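Inspection log for the structure reproduced underneath, given as C-alpha cells.
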Amino acid sequence: MPTFFGATSVPVDNGTNATTTITLTPPASMLEGDLVVVYVQQRGTATFSVNNTGGQAWTEIGRNITTANVAMNTFWATFNGTWDANPSFNFSAGTNTSAIMLVFRPDNATNIWSTEQIATTAAAAAATITVTGVTPANGSNVTIASWMTADDNTWGTLSGTNWTKGTLSAQYRNLAGNDQSATFAYQIQTTAAPTNNVAQTQLTLGNDATTWRRITFYESSFVSFDPFGTMGIYGL
C-alpha cells in the first residue's frame, strides 16, 4: 500500500512569489521509486515547462486555463534515487507563480508508477467545491484532488469518506500581485474501490470560481518475458 511521504512548496502558505522560474527543494531522505507530483499555478494564462529536470524523467499531465485567471499544470516523475539538482519549472508570466510538490512512497520500491482516471474541471463560483469521485481500475493506488482559485482563499471542512490532507498545509496561498490559492487532498487504496466525492469549503474570500483536477496513480510490478527461455517470466 502506498504512503504519503512529504511535500514542499514555493511559496509557503501565505507567502509571496512572482518569479518566472521556481526551484523546489525536494523533501529529504527520498528513496528510489518514490512518486513525485508537482503542481504549478499562475494567476493569468501562463504556459509551463520543466527548466531543470534534476535528473528525472518528467511526464506532463496537461495545461488548463478554463477558470478565469487560473492557469495550472501538473508534472510527475518516478524518482530514480538521485537528484542531480533541485528541479525547477518555468512560467511564461512572472506574476503570482506557485509550485507545490507532493511525494508518495510505493509499497515496493521496484514497482513502477502509472496514471489513470485524470479529470480537470472548471467549477462555478461557490463556497463549497466538490470533486467527483472515481473508481480506479487498479489497486495499490493514490488519488490526488486539487483545487485552485484566483484569490487567497483559506480552505477547510474537508468532507469525503477516506479522503485526507495528512500533513499537507490547509492551503498554499500566494499573496503576490492579485493573489491565488491552492489546496489538496488525497486518498490511498489497496484495492480498486470507489473513492467517493470529496469537497472543500472556502473559509475566507469565498464563492470564487475554482479549477479542480483529480489524478489517480497506481503502482504495479514490472513483468518481463525472455522469449528464448533463458530467464523465463519474472516479476515482483
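Taken together, the values in this text are just the output of simple stated rules run on the coordinates, not laboratory data. Bear in mind that the values here come from a model prediction, so they are computed numbers and not experimental data. Every residue, glycine as well, gets a Cβ built from its backbone with ideal geometry; the counts of neighbours run over all protein chains shown.
Contact order, relative form, for the range 21-172: 28 percent (alpha carbon pairs under 8 Å, 6 or more residues apart, mean separation divided by residue count). Using a/c under 1.5 as the rounded threshold, could you call the range 3-221 rounded, prolate or oblate? The axes a ≥ b ≥ c are square roots of the C-alpha gyration tensor eigenvalues, and prolate needs a/b larger than b/c, oblate otherwise. Oblate, because a/c is 1.5 or more while a/b does not exceed b/c. Apply the a/c threshold of 1.5 to the C-alpha gyration tensor of the range 38-122 and tell me whether it is rounded, prolate or oblate. Oblate.
Here the Karplus relation 6.51 cos²θ - 1.76 cosθ + 1.60, evaluated at θ = phi - 60°, turns the backbone of the range 40-47 into coupling constants of 10, 9, 9, 7, x, 10, 5, 9 Hz, with x for every Gly and Pro.
Couplings for the range 2-17, taken from phi via the Karplus curve 6.51 cos²θ - 1.76 cosθ + 1.60 with θ = phi - 60°, read x, 9, 6, 9, x, 8, 8, 8, 9, x, 6, 3, 6, x, 10, 7 Hz in order; Gly and Pro are left as x. The range 35-84 and the range 101-161 have Cα centres lying 15 Å from one another.
Summarising the amide proton neighbourhood of residue 97: residues at separation of 5 or more, or on other chains, whose placed amide H is nearer than 5 Å comprise 17, 18, 19. Label-to-label distance for residue 20 and residue 190 is 5.1 nm, based on points extended 7 Å past Cα in the beta-carbon direction.
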